[in-house]
1. Read through the list (1) under 28 Å from residue 33 (Cα atoms); (2) in a loop (DSSP other than H, G, I, E, B); (3) touching a residue at least 12 places away in the same chain (Cβ under 8 Å), then give the number of the only condition that residue 311 fails.
2. Please identify the pairs in which a residue from segment 266-292 that is more than 23 Å from residue 26 (Cα to Cα) has its Cβ atom under 8 Å from the Cβ atom of a residue that is in a loop (DSSP other than H, G, I, E, B), counting only partners at least 6 apart or on another chain.
3. Go through (1) farther than 18 Å from residue 101 by Cβ; (2) free of Cβ contacts under 8 Å to residues at least 40 places away in the same chain and name the single condition residue 161 misses.
4. Only one of these conditions is not met by residue 302: (1) surrounded by 15 or more Cβ atoms within 10 Å (Cβ to Cβ); (2) touching a residue at least 12 places away in the same chain (Cβ under 8 Å); (3) closer than 28 Å to residue 10 by Cβ; (4) more than 23 Å from the chain's Cα centre (by Cα). Which number is it?
5. Which condition from (1) modelled with pLDDT under 90; (2) surrounded by fewer than 18 Cβ atoms within 10 Å (Cβ to Cβ); (3) within 27 Å of residue 22 (Cα to Cα) is the one that residue 278 breaks?
6. In segment 138-152, what count of residues is obtained for those that are in a helix (DSSP H, G or I) and free of Cβ contacts under 8 Å to residues at least 40 places away in the same chain?
7. In segment 71-81, which residues are closer than 14 Å to residue 54 by Cα and in contact with a helix residue (DSSP H, G or I) (Cβ under 8 Å, 6 or more places away or on another chain)?
8. Tell me, which helices (runs of 4 or more DSSP H) wholly within segment 153-240 include 2 or more residues that are buried (at least 19 other Cβ atoms within 10 Å of the Cβ) and touching a strand residue (DSSP E or B) at 6+ places or on another chain (Cβ under 8 Å)?
C-alpha cells in the first residue's frame, strides 16, 4: 500500500548558534502531512512554528541548522539533498508564502517579471508561455485585470492584492506542498477571510497539501484536518479542530482558547496567559510551559512529559493527564 504521507518530520531539532550560546528553537518536533490535507501549526511568537517551516524549506539564517532528526519527502530525507536538489525541491515540490508580501516581493521588478522568473526557473516553458501562465495564475487567485496588473510594481497594489500575488507565485510550479507562514497577519479581517477562502478553494482544485503556520487559532478553525499546538519548540498537543477547540487537554492550549473572543465570552474580560515566554537560550529541564502553568506539578519542573493519547484519540504532552490516567487505573492514589 502506498504511503499516504507526502511529508514526515521525525524528531526535528533546530538550533541557532549565537555569541551568547545555542538557541534551541525546535526540540524534537514530529508530525506527518498526508496528501491533499491541511495541517495547522499554532503557537505564540517564539514557539518554534516558523523555524519548523523554515527547516523544511532549508532557508534558515546562517547561524541556524538542523542538528538532529529527519525530514522525509515521499520517503526521501531532504536533509541529505545536494544544493541543486534542494533548489528543485523548493520550487517544484514545496513552496512557501511569507508573512509580509511587501518584504518578500522585490520592489524594483514588476509583478509579471517576478512571476515569470519562478516559472522559467522551475519549468521548461519559454517566455511567451511563462507570460501566459502568469496571467492565468493571477486570474486564478482573484486578481482583477491580470493583464494590467502584471505590468505593475508591488507598491502599486494593496496588501490583499500583494498577498494574492505571493500565492500565485507559490503555485506557479504546482507544488505538492504549500507552506503558508502567517499568511493573513498584515491584512484586515475581511481580506483575511478572502485569502483563507481562496487557499481552501485552490487546495480543493489542485489537491495539494498545505501547512498553515499561525498564532491565531480562530483563523484556521474551519480549514485544518489536523492542528498541532507548539510551545517552547515542542509539540504540546495535536488533534482535529474539534479536539483542540472542544476537548483541549494541555494547559497551554486551554490558555490560548481563553484568550480568544467567542460567542461564549461576550461581555467578559479575556484571560491572557500569565508570565513571559521561555528563554530558548536556557531551556527548562522539564515541561517548557511549567513556569506559566497554574496547575503545574512537582514532576513538571524536572521531567519532560511524554506524549499521551487521550480517551477521544487525540494526543497531548502534559503530566496532569498522565497522573489522572494513573489514578483511574488505580496505580496512583488520589490526593
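The values are calculated or read from the model by the stated rules, or taken from the named source; none is laboratory data. Predicted, not measured: the structure shown is a model, and the values here were computed from it. Neighbour counts run over all protein chains shown; Cβ positions are idealised from the backbone, glycine included.
1. (3)
2. Correct list of pairs: 270/259; 270/260; 270/261; 271/259; 272/259.
3. (1)
4. (1)
5. (2)
6. Residues in segment 138-152 being in a helix (DSSP H, G or I) and free of Cβ contacts under 8 Å to residues at least 40 places away in the same chain: 6 in total.
7. 71, 78
8. Here the list reads 159-171, 217-220.
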